[in-house]
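The values are calculated or read from the model by the stated rules, or taken from the named source; none is laboratory data. Small disclaimer: the values here were computed from a predicted structure and weren't measured. Cβ coordinates were reconstructed from backbone atoms using ideal geometry, including for glycine residues, and neighbour counts include every protein chain displayed. Accessible surface areas use protein heavy atoms only, side chains included; no ligands, DNA or RNA. Shrake-Rupley method; radii C 1.70, N 1.55, O 1.52, S 1.80 Å.
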Amino acid sequence: MIQLESMSQPLRNSIWNFIVSLFDDGDSGWWRIAELSSQFFYKLPVDELPPYNHRRQEWLKKQFYSLTWYEVYDFVEFIVGWYEKARDRQSYRKDQLRAVFNRILEEELSGYRFVGDELAPLSNPAEVAAIESALATTSRTGLAGAHAHIESALQLLGKRPDPDYRNSIKESISAVEALAKQLGTADSQGLSGALTELGKKVSLHGGMRAGLVSLYGYTSDEGGIRHAMLEESNVGYDEAKYMAVACSAFINFLAAKAEAAGILGRGR
């Protein structure tokens, strides 16, 4: 079974074993990462850390194995984010670290994967690829608003232990709206108006436009849909994940159309 709200012992052990390989090189690898972990992750007094490198490894292992399942994922994100500061001689770039952790998570049937810098509850490679592509495209082309909304959607979807599915959905569709307004007209009315203006610059099939507007209606106040569709009983992981993936795919589609038309990065 895919592990979404739990963590098996083999999964925890595999994560720890890779962390050991990152710092157990006979040098002072454990000294600095224990200090950084104490100060910035565990929020404990650094002057109470034990002396000697191997004692700090033992201390960090004890802390690691006392973490809850979701705190382990938080710690993995911490390791990836602080690895460069912990080591003078790095064996991995950040993208390589994420790739190795993703392989471990896949092998041990975790439901989480790194998408950018976030561990999100996504295990399908196509889903991960769609969101990563949208993040990369919006970053590369200066679509800052859309990029920020996608990142927020991922953070809310992967918020542990209590994901915020409703607001993740809103952030996902807001990413599409932000892109359409930046490339179309910033003061247009909602997504429908932005797509109308964008359609004057790029070729948008009517059915594709209608699909985008329908997604927007799912999370907007138009026709009272928001109150009916975004009640807690109607919104869960499947809906939030679908919206994150679908909206990322739409962003990739719109960005490709805008790039072909020569207007990407010239939002008004």
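Ordered by packing density, taken as the mean number of other Cβ atoms within 10 Å over each peptide's residues, highest first, how do 57-70, 241-254 rank? Intermediate values should be presented prior to the final figure.
Details: 57-70: 15.1, 241-254: 22.4.
So the peptides 57-70, 241-254, ranked by packing, come out 241-254, 57-70.
A simple spin-label model places the labels of W82 and F40 0.6 nm from each other, with each point 7 Å out along Cα-to-Cβ. Applying 1/(1 + (r/R0)^6) with r as the Cβ-Cβ distance of L67 and S133 and R0 = 45 angstrom yields a FRET efficiency of 0.90.
Express the carbon and sulfur contribution to the solvent-accessible surface of region 32-127 as a percent, rounded to the nearest whole number, probe 1.4 angstrom.
Numbers: 2250 of 5020 Å².
The nonpolar share, carbon plus sulfur, comes to 45 percent.
Taking the Cα centre of region 120-199 as the origin, how large is its charge dipole in debye, to the nearest 20, when only Lys and Arg (+1) and Asp and Glu (-1) carry charge on their Cβ atoms? Please list the in-between numbers first.
Numbers: 6 positive and 9 negative charges, 19 e Å.
The calculated dipole for region 120-199 is roughly 100 debye.
Counting only lysines at least 8 places from K94 when in the same chain, those with an alpha carbon closer than 27 Å to its own are K43, K61, K62, K85, K159, K241.
Our summary gives the chain a relative contact order of 17 percent, counting only alpha carbon pairs under 8 angstrom and 6 or more residues apart.
FRET efficiency for Q90 and I263, Cβ-Cβ distance as r, R0 = 35 Å, nearest 0.05?
On the way: r = 40 Å, r/R0 = 1.14.
Working from the Cβ atoms, E equals 0.30.
Selection among T68, V20, N252 by position relative to the dipole of the chain gives N252 as farthest towards the positive end (Cβ unit charges, Cα centre).
How large is the dipole of the chain about the Cα centre if only Lys and Arg carry +1 and Asp and Glu carry -1, each at its Cβ, rounded to the nearest 20 debye? Don't skip to the answer; put the middle values down first.
On the way: 29 positive and 35 negative charges, 151 e Å.
Its charge dipole is roughly 720 debye.
Computed from point charges on the beta carbon alone (+1 for Lys and Arg, -1 for Asp and Glu), the dipole magnitude for region 85-141 about its Cα centre is near 380 Debye. Would you list the membrane-span-like helices of the chain, meaning whole DSSP H runs whose alpha-carbon atoms span at least 30 Å along their axis and whose mean Kyte-Doolittle value is at least -1.0? Taking the DSSP H segments of the chain (at least 30 Å long, mean hydropathy at least -1.0), we get 237-261. Using the Cβ of R103 as centre and a radius below 14 Å, the other residues enclosed give a net charge of -2, where K and R count +1 and D and E count -1.
Given the DSSP H assignment, sum -39500 (n - 2.57) over each helix run of at least 4 residues in the chain and divide by its residue total; what's the result at 222 nm in deg cm²/dmol, nearest 500? Working shown, then result.
Values: 12 runs with 170 residues, N = 268.
Here the helix-only value at 222 nm equals -20500 deg cm²/dmol.
Which Cα, out of A153, P51, Q90, lies furthest along the positive dipole direction of the chain (beta carbon charges, K/R +1, D/E -1)? After comparing all options, I get Q90.
Positive-end ranking of T138, A99, A120 along the dipole of the chain, with charges on Cβ about the Cα centre, is headed by T138. Taking all protein chains into account, the per residue accessible area for the chain stands at 48 Å² (1.4 Å probe). Here the contact order of region 29-90, divided by its residue count and restricted to Cα pairs under 8 Å and six or more residues apart, works out to 39 percent. The slack in the chain from M1 to A210, taken as 0.36 nm per residue of separation less the alpha-carbon distance, amounts to 71.5 nm. Look at (i) 166; (ii) 148; (iii) 123: the one that is volume of the Cα convex hull per residue in Å³ derived from this structure is (ii).
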